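Undergrad: Below is a structure I'd like to ask you about.
We did not get these values from a lab; they are worked out from the coordinates using the rules stated. Since the model is a prediction, treat every value here as computed from it, not as a measurement. FYI the Cβ positions are ideal-geometry reconstructions off the backbone, even for glycines, and counts take in every protein chain you see.
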Amino acid sequence: MGNLLEDIQVFKLVKGFGVGKYFYYPEIRMILLFRLSQFFFQYKLLKPFAYLFTNLNDFLHGIWIGPRVQIGKGLSLAHSRGLVINPTTRIGSYCSILQRVTIGGPNVIIGDNVEILAGAQIISNKRGKGSLVIGDEAVIAAGAVVVKDVPANSIVAGIPATIIGYRDKGDNWMNYLENEKNINVA
């Protein structure tokens, strides 16, 4: 449950402080239901509850993140209606995912501090031991369709996604928020 505590810290950083925000914004509820499904999935007798929470998240918020998906701490979901993530996906720490994103196909690995903007699609056709890899601190632009590996610190856009630029190491969304609000999460 350490990941959930860090998720809450990131939520506070993004949305600000105040108890009312926990009831108003659905993002925290989406993350809570996902983390609960992950927790219950660890225990054979409780696995049905894991899928119950996954389906509840789908029903209430329109997102499908199965309990087998591995996501690091500090997850940020914003306006995430329409989010679908394949069960074999591994996502690093402090990633931000916006609405209508699809992460499909087997063996997708997403690094730390990655930003996936609205309507992006990450589609893997890698089978067996191969993986589609999104490097640390990459940005997947809105509407991009990623079908091949994305190097660290790169910005990709288009259909199919191509590199349109790079950003400096450490120039990511979390550092921007921490500097903007003068708060250190980690």
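Undergrad: Please work out the C-alpha center-to-center distance from region 77-149 to region 49-70 and express it in whole Å.
TA: Here the two parts' Cα centres lie 17 Å apart.
Undergrad: If you take every residue apart from Tyr166 with its C-beta less than 13 Å away from the C-beta of Tyr166, what net charge results, scoring Lys and Arg +1 and Asp and Glu -1?
TA: Numbers: positive: Arg167, Lys169; negative: Asp136, Glu137, Asp168, Asp171.
Summing Lys/Arg as +1 and Asp/Glu as -1 gives -2.
Undergrad: If you don't mind, another one. When the helices in the chain are scored as -39500 (n - 2.57) per DSSP H run of 4 or longer and the sum is shared across all residues, what 222 nm value do you end up with, to the nearest 500 deg cm²/dmol? Walk me through the numbers on the way to the answer.
TA: On the way: 5 runs with 59 residues, N = 186.
-10000 deg cm²/dmol, from helical runs alone.
Undergrad: Oh, and also: In terms of modelled amide H atoms, which long-range or inter-chain residues lie less than 5 Å from the amide H of Val150?
TA: Amide H to amide H, under 5 Å and 5 or more residues apart or across chains, Val150 pairs with Val133, Ile134, Gly135.
Undergrad: Output the antiparallel fraction of DSSP beta bridges having both residues in region 2-179, as a percent to the nearest 5. Display every interim value, and only then the final one.
TA: Details: 4 of 29 bridges.
Counting only bridges with both partners in region 2-179, antiparallel ones make up about 15 percent.
Undergrad: Only one of the values [x] 24, 22, 14; [y] 32, 23, 14; [z] 31, 17, 13 was calculated from this structure for semi-axes √(5λ) of the Cα gyration tensor in Å; name its label.
TA: It is the one labelled [x].
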